[in-house]
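As structure tokens, the structure follows; a few thoughts come after it.
Every read-out reported here was derived from the displayed coordinates using simple, explicitly stated rules and does not represent laboratory data. Keep in mind that this is a model prediction, so the values were computed, not measured. We place every Cβ from the backbone using ideal geometry, glycine too, and count neighbours over all the protein chains shown.
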Amino acid sequence: MILQRAYFWKSTLIISTGLIELHERLAGKLSNPKCTMKSTSNLGFAYHYLGKYEKAIKCYDHAMEIARKTKDRKCEGVLLGKKGNVYRVRGEVGISIRCYEKALTIANETNDRRNKGIWLGNLGISYRLKGNLKKAINSLEEALEIAREKKDEQNESRWLTNIGLVHRDHFKYLFSWDEIPGNDDERIIEFLKDELKIEWAKTENISKINDGKTIIVSNKEKSISLKLNDEKNKVNLKIDNVRIDEFTVKIENGKLNIYIFNMTKAIGYYGKALKIAQDIGDIRSEGFLFGEFGFAYGCLGEKVKAKKYFFKALEIAQYIKDRSNENKWFGGLGKIYHDLGEVKKAIEYYKRALKIAQEIGNERFEGREIVGKVRNLC
């Protein structure tokens with residue numbers, strides 16, 4: 001099964017190399033500007049795919065000059081978006097956002113709805129990387145709607161994955177249970193208004209009942225309840241007696257602090273994305289999603305399930321020679337074995353992750369420091 005689904009991914013690598021060789025043979029021989037633009041744009045894609053980002057940007061700039069001279073506004077927008085992709089991969093997220101915004105403007109001008117969806121989705125990814133989760137989710141949800149409208153399954157899976165990643169990243173402190181009613185009244189009202197769009201909520205509507213286990217925010221017509229469970233590790237939120245969300249409780253300095261931690265929602269989106277990826281044979285996305293399942297279940301304390309998903313992700317990454325994600329999944333396994341108390345295995349997997357990180361120049365992977373910490377447990 002993996003052999004069949006890996007064929008397309010490996011073929012793209014071969015095609016990218018072939019495009020570069022073909023362009024070199026055609027250099028200076030194409031007289032038609034549109035053909036030159038298309039050939040140069042394809043060359044930019046090949047360089048991007050092979051990790052030669054500076055060359056990719058130069059190709060897209062050259063193709064864009066031709067698009068502007070020939071007044072091909074639609075192609076100009078596509079090339080701007082492709083440049084944004086390269087800048088984001090290089091870590092220059094701010095520049096990528098500017099490229100996508102310009103590409104989106106052109107897509108709107110030219111009534112190019114398909115590419116509008118693509119640039120909205122990529123814009124959402126860049127917003128997430130910048131930490132602007134509200135803008136990210138708005139862009140990605142609109143992109144998802146367009147992908148479904150156009151029956152674009154690959155991008156539907158991609159946007160579902162990234163909506164899941166936004167929910168994964170949405171982990172923030174809301175308020176202290178012990179300070180309601182009291183010092184954190186304003187914080188809980190701000191949360192209800194900003195996150196749930198409940199404009200009627202006011203501090204004077206807050207009370208606590210049931211021996212301090214339930215917070216009520218209500219007026220004459222509407223009611224919100226937040227109920228602390230018996231284990232004091234979860235809070236369930238209901239609006240008019242209908243449960244709509246669950247929050248995480250952490251005991252810090254003797255106080256019960258409430259956090260948004262939407263890992264369960266993330267898993268739901270990953271599941272939808274994975275089904276599509278498997279249906280269309282997108283093995284790289286399938287492997288990535290297995291790895292994200294691993295991180296998600298690890299965060300939820302389901303270590304055995306997390307380990308299973310990391311091994312699935314690792315199998316795919318190794319087969320398609322995706323070194324970056326191979327590095328990532330080895331690191332994930334190291335943490336899981338660390339959490340399970342299997343220190344020797346943790347060290348083994350962290351070392352393998354570190355070795356790959358050094359070989360591919362991944363400076364963000366802090367494996368060396370983690371290995372040191374694990375060794376201290378021996």
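Miscellaneous remarks
- Proximal lysines to residue 234, defined as alpha-carbon separation beneath 17 angstrom and excluding residues fewer than eight positions away on the same chain: 172, 208, 213, 250, 255, 265
- By the rule of a C-alpha distance below 16 Å, with chain neighbours fewer than 8 residues away ignored, the lysines paired with residue 220 are 202.
- Candidates 155, 183, 85: whichever shows maximal mean-square fluctuation once the chain is modelled as a Gaussian network with Cα springs under 10 Å: 183
- Between residue 340 and residue 74, the FRET efficiency from the beta-carbon distance, with R0 = 56 Å, is close to 0.55.
- Between the helical axis of 53-69 and the longest alpha-carbon principal axis of the chain there is an angle of about 70 degrees.
- Relative to the longest principal axis of the Cα atoms of the chain, the long axis of helix 323-339 makes an angle of roughly 20 degrees.
- Degrees separating the helix 113-130 axis from the principal Cα axis of the chain, which is the longest one: 60 degrees
- Cβ charges +1 (Lys, Arg) and -1 (Asp, Glu), total dipole of the chain, debye: 1260 debye
- Simple rule: put +1 on each Lys or Arg Cβ and -1 on each Asp or Glu Cβ in the range 171-261, find the dipole, and look at 215, 242, 189; the Cα lying farthest toward the positive end is 242.
- Lysines whose Cα lies under 22 Å from that of residue 321, excluding same-chain neighbours fewer than 8 positions away: 10, 52, 307, 308, 312, 351, 355
- Theoretical ellipticity at 222 nm over the chain - DSSP helices of four or more residues, -39500 (n - 2.57) apiece, nearest 500: -22500 deg cm²/dmol
- Calculated FRET value between residue 233 and residue 148, using beta carbons and R₀ = 30 Å, to 0.05: 0.25
- Taking 212, 117, 164 as the candidate residues, the one with maximal mean-square fluctuation in a Gaussian network model of the chain, Cα springs under 10 Å, is 212.
- Anisotropy class of the range 270-375 from Cα gyration tensor, a/c 1.5 cut: oblate
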